[in-house]
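Colleague: Quick one: the structure is below, questions incoming.
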Amino acid sequence: RAMPDVAAISDNDEGETEKESSEPGQDASNMNESDAANKADSNASNRDASVELKNGSSEQVDKGGTTTSQEGKDQEPPKPIDKLYNCRWKNGTVQTARIVERRLAPDGRSWEYYLHYEDYDRRLDEWVPSDRVGEEVVKQRSNDDHRSSLDSVQKMTRTQKRKFDEINTTLPGDVDPTTAALEHEREQATKVKNIQEIEMGVYEMDTWYYSPYPEEFSKCSKLYLCEFCLKYFRKAKTLDRHKAKCEWRHPPGDEIYRDGNISMFEVDGKKAKIYCQSLCLLSKLFLDHKTLYYDVDPFYFYVMTEVDSCGCHVVGYF
């Protein structure tokens, strides 16, 4: 019978023990309160155990006394990653797609899948609800299919050699294991498009590829950009407040060419570093192979704009 008292003393943290020892007159009351609390916890745990034994571990009583069912959530089993499925496209046609990633839907019971459509560019990859994903597709490859696939790989290697060289210009000939691991990690990190849509001026645009925006902005499905200074925001009301204060009406450089309503500006990456970085991040949303994001100091950017009464609106650059 003395053991519960010992357990009650040992469960208290050091601060409470020192307080009790410094006030001897309150020892009895503190011990009684501790015993009552431990008995209540013991009774609650006994009730949890009885409910689990009675219902075959399918229910449990939470701290608030509410009984929840683990099997009552009716959560559908997730489909495996890197498998081919028939998927209903936006226009209603059925396409073969590969599951790249998955996540729980907002309802907490169904799943959403990030799909790459076979034989289509990555810019069409998208998140879809589970009701658009059909049956798994199992392909049997014949020898003719294998030979044709080898030929296509050889052709693709020749036609995309320039892009491959551009991507790997920063890597040495003999890549050490650490660099190779980092490169593989980068490829894995960019396979899922982080920002699905942007709003810029009067336009809303679906993005095509991953762009390395700061982490707090990469978690937004939609990004809001100022069309003059290219600053980006997570909320429309924040952009509205910025536009009320923003004084920019053209890129931060010298106008070197004008023809009708078309103007070209020369922007020094060293003098307008933040603007050029924002321009690169924006363009990466629509370019799959692009390695320049933040090191913009050595470059000049030539920005093409369309001019109206509101200002110079960016339409492209090189």
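Colleague: Confirm whether Thr291 is within 24 Å of the chain's Cα centre (by Cα) and among the β-branched types (Val, Ile, Thr). Please lay out each step first, then the result.
Modeller: Values: within 24 Å of the chain's Cα centre (by Cα): yes; among the β-branched types (Val, Ile, Thr): yes.
So Thr291 fits the description; yes.
Colleague: Any chance you could count how many residues in the range 110-123 are under 15 Å from Gln95 (Cα atoms) and either charged (D, E, K, R) or free of Cβ contacts under 8 Å to residues at least 40 places away in the same chain (or both)?
Modeller: We begin by selecting, within the range 110-123, every residue under 15 Å from Gln95 (Cα atoms); these are 113-122.
After this cut, where a residue has to be either charged (D, E, K, R) or free of Cβ contacts under 8 Å to residues at least 40 places away in the same chain (or both) as well, the list is 113, 115-122.
Here the count works out to 9.
Colleague: Oh, and also: How many of the residues in the range 96-109 are without any contact (Cβ under 8 Å) to a residue 60 or more places away in the chain, under 28 Å from Ser283 (Cβ atoms) and open to solvent by less than 40 Å² (accessible area, probe 1.4 Å)?
Modeller: So the answer is 1.
Colleague: Select, from Leu292, Leu281, the only residue that is within 27 Å of Cys220 (Cβ to Cβ) and in contact with a strand residue (DSSP E or B) (Cβ under 9 Å, 6 or more places away or on another chain). Can you show your working first?
Modeller: Details: Leu292 fails: in contact with a strand residue (DSSP E or B) (Cβ under 9 Å, 6 or more places away or on another chain).
Testing whether each residue is within 27 Å of Cys220 (Cβ to Cβ) and in contact with a strand residue (DSSP E or B) (Cβ under 9 Å, 6 or more places away or on another chain) leaves just Leu281.
Colleague: Now, a different point. Looking only at the range 125-134, decide whether some residue is among the β-branched types (Val, Ile, Thr), touching a residue at least 40 places away in the same chain (Cβ under 8 Å), surrounded by 15 or more Cβ atoms within 10 Å (Cβ to Cβ) and touching a strand residue (DSSP E or B) at 6+ places or on another chain (Cβ under 9 Å). Can you show your working first?
Modeller: So the first thing to find is which residues in the range 125-134 are among the β-branched types (Val, Ile, Thr), and the list is 128, 133.
After this cut, where a residue has to be touching a residue at least 40 places away in the same chain (Cβ under 8 Å) as well, the list is 128, 133.
Among the residues that remain, those that are also surrounded by 15 or more Cβ atoms within 10 Å (Cβ to Cβ) are: 128, 133.
Applying the additional criterion that residues be touching a strand residue (DSSP E or B) at 6+ places or on another chain (Cβ under 9 Å) yields 128, 133.
Within the range 125-134, one or more residues are among the β-branched types (Val, Ile, Thr), touching a residue at least 40 places away in the same chain (Cβ under 8 Å), surrounded by 15 or more Cβ atoms within 10 Å (Cβ to Cβ) and touching a strand residue (DSSP E or B) at 6+ places or on another chain (Cβ under 9 Å).
Colleague: Show the residue pairs that are 6+ apart or on different chains and have beta-carbon atoms under 8 Å apart, the first residue being within the range 276-290 and of a type in the set (Ser, Thr, Tyr), the second being modelled with pLDDT under 90 and open to solvent by 10 Å² or more (accessible area, probe 1.4 Å).
Modeller: That search, which allows pairs on different chains as well, returns Ser283/Lys290.
Colleague: Which condition does Trp248 not pass, out of (1) among the hydrophobic types (A, V, I, L, M, F, W, C); (2) outside any loop (DSSP other than H, G, I, E, B); (3) open to solvent by 50 Å² or more (accessible area, probe 1.4 Å), if it passes all the others?
Modeller: Looking at each condition in turn, Trp248 falls short on (2).
Colleague: Between Thr291, Thr305, which is of a type outside the set (A, V, I, L, M) and in contact with a helix residue (DSSP H, G or I) (Cβ under 8 Å, 6 or more places away or on another chain)? I'd like the intermediate steps shown before the answer.
Modeller: Details: Thr305 fails: in contact with a helix residue (DSSP H, G or I) (Cβ under 8 Å, 6 or more places away or on another chain).
It is Thr291.
Colleague: Do you know which of the residues in the range 97-144 that are modelled with pLDDT of 85 or more and small (Gly, Ala, Ser) is nearest to the chain's Cα centre (by Cα)?
Modeller: Ala105
Colleague: Considering only the range 202-233, state which residues are loosely packed, with under 14 Cβ neighbours inside 10 Å, in a loop (DSSP other than H, G, I, E, B) and touching a residue at least 12 places away in the same chain (Cβ under 8 Å).
Modeller: Lys219, Ser221 - these are the residues of the range 202-233 that are loosely packed, with under 14 Cβ neighbours inside 10 Å, in a loop (DSSP other than H, G, I, E, B) and touching a residue at least 12 places away in the same chain (Cβ under 8 Å).
Colleague: When the range 261-308 is examined, which residues are found to be in a loop (DSSP other than H, G, I, E, B) and of a type in the set (D, E, K, R)? Before the answer, list the steps.
Modeller: Restricting attention to the range 261-308, the residues satisfying the condition of being in a loop (DSSP other than H, G, I, E, B) are 261, 269-272, 285-299.
Lys270, Lys271, Asp288, Lys290, Asp295, Asp297, listed by residue number.
Colleague: Sticking with this structure for a sec: Restricting attention to the range 282-318, and to residues there that are touching a Pro at 6+ places or on another chain (Cβ under 8 Å) and farther than 24 Å from Glu255 by Cβ, which single residue is most open to solvent (accessible area, probe 1.4 Å)?
Modeller: Taking the candidates together, the pick is Tyr293.
Colleague: Still on this model: Could you say whether any residue in the range 309-317 is of a type outside the set (A, V, I, L, M, F, W, C), over 29 Å from Glu215 (Cα atoms) and not in a helix (DSSP H, G or I)?
Modeller: Looking only at the range 309-317, we keep the residues that are of a type outside the set (A, V, I, L, M, F, W, C), and these are 309, 311, 313, 316-317.
Next cut, over 29 Å from Glu215 (Cα atoms) only: 309, 311.
Remaining after also requiring not in a helix (DSSP H, G or I): 309, 311.
Among the residues of the range 309-317, at least one is of a type outside the set (A, V, I, L, M, F, W, C), over 29 Å from Glu215 (Cα atoms) and not in a helix (DSSP H, G or I), which makes the answer yes.
The values are calculated or read from the model by the stated rules, or taken from the named source; none is laboratory data. Model, not experiment: these values are computed from the prediction. Here the Cβ is made from the backbone with ideal geometry for all residues, glycine too, and neighbour counts use every protein chain on show. To get the accessible areas, we keep the full protein, side chains included, count just its heavy atoms, and leave off ligands, DNA and RNA. Shrake-Rupley method; radii C 1.70, N 1.55, O 1.52, S 1.80 Å.
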